[in-house]
Amino acid sequence: LGGSFLCYEGAHKIVHAIKHDDHDHDVPAVVKGPDAEEATVAGAVRTDFILSAEIMVISLKEVIDEGFVARGIILVVVAVFITVVVYGLVALIVKMDDIGLSMVERDSAAAQKVGRGLVTGMPKVLTWLSIVGTAAMLWVGGHILFVGADELGWHWPYSLVHDAERAVQDIANIGGVLSWLINTAISAVIGLVWGVILIGLAALMPARGTSEPTH
């Protein structure tokens, strides 16, 4: 379910970007108003929570052969890293607009210049982060799907990726990088395809709160 959610969210962002090709995303959330900022934060927190949970599951799987104490220590380290680094960075980025506006109101010309730079530059930074985040969701979601399918007995997707990796592993100096890129690219494609399928299925479902008209 977690993998499917990541695929759905990643594909939904791409479909939404294609359908709504405008420049509204260049406007800082703080300028749009508190509702827009809260919606941005809520969406980021929801997606990051699912992604973080999947990272914890993957981490647990990687250390499954370790002793109980070692597993506990490793998972605590991963959890602290995710909480402090990832969420701390996200919180800082979200508040950069507010910091920039505060600096613009100062008397110092240098502070005002830096503040204007933050206000005008953060939308572009957020756009790039959104692109990276979307790619990460499709990559992780797709990887979870084909690994899970292999464990459930559907082996050909995993075998296809594994054979493609082995075909380039022996290339001098760059074999390891190419192997990782192939795994990542195929995982992202699988995630995108499955996400689009889920979007189509969701569109066929009746909207919540609707009812049949009375006669």
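No lab work stands behind these numbers, since they all come straight from the coordinates. Bear in mind the structure is a predicted one, so any value in this text is a computation, not a measurement. Positions of Cβ are backbone-derived with ideal geometry, glycine not excepted, and every protein chain shown enters the neighbour counts.
Going by the alpha-carbon gyration tensor, a ≥ b ≥ c the square roots of its eigenvalues, is the stretch 79-215 rounded (a/c under 1.5) or, if a/c is not under 1.5, prolate (a/b greater than b/c) versus oblate?
On the way: a/c = 3.12, a/b = 1.33, b/c = 2.33.
Cα axes put the stretch 79-215 in the oblate bin.
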Note to self: Quick one: 3J(HN,Hα) in Hz for the stretch 161-170, Karplus 6.51/-1.76/1.60 with θ = phi - 60°, rounded, Gly and Pro as x.
What the structure shows: 5, 5, 5, 5, 5, 5, 5, 10, 5, 8
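By per-residue mean of other Cβ atoms within 10 Å, what is the highest-first order of 176-184, 3-11? Please list the in-between numbers first.
On the way: 176-184: 15.2, 3-11: 23.3.
By packing density, highest mean first, the sequence is 3-11, 176-184.
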Next item on the list: Give the relative contact order (percent, whole number) for the stretch 64-215; include only Cα pairs under 8 Å separated by 6+ residues.
Entry: 17
